[in-house]
Amino acid sequence: MSERPLRLVRRLSGRASEFTTLLTSSRRPSRRTRTLIKDLESAIYGVVRFTRGHESLRDLNSIAIANGFKRVVIINEWRGNPGLMVIYSPSEENLVEIGRLKIVGVKLRRELGRRDAGQCREVVSSSKDETTIYITKLLADAFQLRAAERPDADYLEVSLDGDQVAIAPRKRKTNAIFGPLLRVVVPNGPRKGRA
């Protein structure tokens, strides 16, 4: 086992049941993608980031199974920026893709001027169109969050913004955005029947 998985095991020691999603990047992420991953880890409960290095998808599957992760989320790049979020489920053979979102815009915490912290435990859709509902269910599955009509805790808000969908971590008490703001689209439209 390489040093990276050993560091991950030490980091999770005694607390592994708290973590449900392994969050990582493509093999050579830009600084912006690394920062987005750190921001998402700090904003969403149960997420732990992992520096991928040369680990293959099979390696990530083995690491996820060995540490009890239910999902693996990989942020891939497009021209030096976060460009695609791919959600996988670990299995005996290899990672199984369960969905993907094309990232068309990102505002990092520092760009929003936010320093306050939070831990989203729920995902809430602010509109009832097919695409927004699909993305809400996909994010709930990806990060093992509760889909809710009204939040009881800090939450990820999924809202329609023109032909894009905005994803924003919000504080329950103030509704203030505290994490990175993502704008996404579903490649080839909503995946009917797959959510």
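The values are calculated or read from the model by the stated rules, or taken from the named source; none is laboratory data. Computed from a predicted structure; not experimentally measured. Glycine gets a Cβ as well: all are built from the backbone with ideal geometry, and neighbour counts include every protein chain shown. Accessible surface is based on the protein model in full, side chains and every heavy atom, while ligands, DNA and RNA are left aside. Shrake-Rupley method; radii C 1.70, N 1.55, O 1.52, S 1.80 Å.
When only Cα pairs under 8 Å and 6 or more residues apart are kept, what is the percent relative contact order across region 85-191?
Relative CO of region 85-191 lands at 30 percent.
Using a simple spin-label model with points 7 Å from Cα along the Cα→Cβ vector, what separation in nm is obtained for ARG34 and ASP59?
1.7
I want to check the label-to-label distance for ALA117 and ALA148. Put each point 7 Å from Cα in the C-beta direction and report it in nm to one decimal.
Simple spin-label model gives 2.0 nm for this pair.
Heavy atoms of the protein only, probe of 1.4 Å, neighbouring chains included. What is the accessible area of LYS102 in Å², nearest 10?
The accessible area comes out at roughly 100 Å².
Quick one: how many lysine pairs does the chain have with C-alpha atoms less than 16 Å apart and a gap of 8 or more or different chains? Give me the count, please.
Close lysine pairs found across the chain: 6.
Choose one of ALA147, ALA64, SER26: the residue whose Cα lies farthest towards the positive end of the charge dipole of the chain (beta-carbon charges +1 Lys, Arg; -1 Asp, Glu; about the Cα centre).
Going by the charge dipole, the pick is SER26.
In debye to the nearest 20, how big a dipole does the chain give about its Cα centre with +1 on each Lys and Arg Cβ and -1 on each Asp and Glu Cβ?
Rounded to the nearest 20 debye, it is 620 debye.
With both bridge residues required to lie in the chain, what share of the DSSP beta bridges run antiparallel, to the nearest 5%?
Values: 29 of 45 bridges.
So the antiparallel bridges in the chain amount to around 65 percent.
Where does each of LYS38, LYS171 land when they are ordered by accessible area, with a 1.4 Å probe and the largest first?
My answer, sorted largest first, is LYS38, LYS171.
Mind checking the dipole of region 54-124: about its Cα centre, +1 per Lys or Arg Cβ, -1 per Asp or Glu Cβ, Debye to the nearest 20?
480
Find the accessible area per residue for region 36-177; the probe is 1.4 Å, ligands and nucleic acids are left out, and the unit is Å².
49
Which value in deg cm²/dmol, rounded to the nearest 500, describes the helix-derived mean residue ellipticity at 222 nm for the chain, given -39,500 (n - 2.57) per DSSP H run of n ≥ 4 and division by the residue count?
-8000 deg cm²/dmol
I need to check one value: relative contact order of region 19-157, counting alpha carbon pairs closer than 8 Å and at least 6 residues apart, in percent.
24
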